[in-house]
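The values are calculated or read from the model by the stated rules, or taken from the named source; none is laboratory data. Keep in mind that this is a model prediction, so the values were computed, not measured. Neighbour counts run over all protein chains shown; Cβ positions are idealised from the backbone, glycine included. Just so you know, the surface numbers come from the protein's heavy atoms only, side chains and all, with ligands and any DNA or RNA stripped out. Shrake-Rupley method; radii C 1.70, N 1.55, O 1.52, S 1.80 Å.
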Amino acid sequence: MLKVLEYDKANLTDTEISIIEKIIEDPKFFTNKTITELAKNYYVSESTITRMAKHLGYENIKRLQMHVYERLNFLSKNYYINDTVALEDIVNNIRVYYSYSIHETIDNLDLPALDGLINDLVIKKRIFTFGIGTSFLPCRVLSSNLNMIGHNCFATEDVHSLIVMMQNMGPEDLLIIFSKSGVTKEIVSIINLANKFNIEVALITNNKELNKLYQIKHLLLFELHSQENEGFSSLSAKVVQILIADIIFRALIKIKQPDLEDKIIRANNLTKNWNDENF
């Protein structure tokens, strides 16, 4: 089920979280029932449901029901999946996966966390990027862009090479990790080793629970369509991770180091001139 409701567990009771999970599990039931019927089905009091709605920022349960109804209609209209072998459905599904992940990631991007990461990129001596499989693609993109504007950046997907490099890394360096789950054996080992060596870590992931597992200075989350086939590598994960890499790069230039645009123009002109001379 795609997300019909955003909530922060830290501001809710266990009972309220349980109600929200039931809403997400069956949003149509929630929007079609009275508060009395909901209370009976959820095994809670009507006042508990009212408090839950207010804690989510809604004036009353009716306002929350309207939000869920409108959100459900929007998702059904724009992100409908038809799992057939018809070519038009395959093409549409790819469009849905990509557009949903891009739009939801941008809408929910933690801007203060992004700003904190950009501030660190400005002052860090060296930057190391790490990812495995499709998660290595944004590493290459970000590393190439940062090197182009004068940063010392290294990208690798080889966990053994990174472990060796980490022996010579310290607090003046930054390790940026791209990982959909953030809980593979390689990622766990690298983050634990970084904590041991006092290396600051930025993690770009789809897993919202990782700040409870690791000591991470910067955590940026991206969104994925929940109906992507779990038997394959996520189609939209590579695209949305590159999106975040590009956002980081463009924000670094525009917000923190606007003079770097001239350097990029000069670099592009040098490349163009070289291509013209050797054509």
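If the condition is being under 30 Å from residue 165 (Cβ atoms), out of contact with any His (no Cβ under 9 Å at 6 or more places or on another chain) and open to solvent by 20 Å² or more (accessible area, probe 1.4 Å), then segment 81-121 contributes 109, 110, 112, 115, 119. If the condition is being touching a helix residue (DSSP H, G or I) at 6+ places or on another chain (Cβ under 7 Å), of a type in the set (A, V, I, L, M) and in a helix (DSSP H, G or I), then segment 21-71 contributes 23, 35, 38, 39, 49, 52, 53, 61, 64, 68. On inspection, residue 199 fails the criterion of being under 18 Å from the mean Cα position of the chain (by Cα) and modelled with pLDDT of 85 or more. Residue pairs whose Cβ atoms lie under 7 Å apart, separated by 6 or more positions or on different chains, with the first residue in segment 5-33 and more than 24 Å from residue 107 (Cα to Cα) and free of Cβ contacts under 8 Å to residues at least 40 places away in the same chain and the second in a loop (DSSP other than H, G, I, E, B) and among the aliphatic types (A, V, I, L, M), are 15/44; 19/44. Out of curiosity, is residue 53 crowded, with 18+ Cβ neighbours inside 10 Å, of a type in the set (Gly, Ala, Ser) and under 28 Å from the mean Cα position of the chain (by Cα)? In short, yes.
Of all the residues in segment 126-149, those that are surrounded by 19 or more Cβ atoms within 10 Å (Cβ to Cβ), among the polar types (S, T, N, Q) and outside any strand (DSSP E or B) number 3.
Among the residues of segment 151-204, those that are part of a strand (DSSP E or B), free of Cβ contacts under 8 Å to residues at least 60 places away in the same chain and closer than 20 Å to residue 137 by Cα comprise 153, 154, 155, 156, 174, 175, 176, 177, 201, 203.
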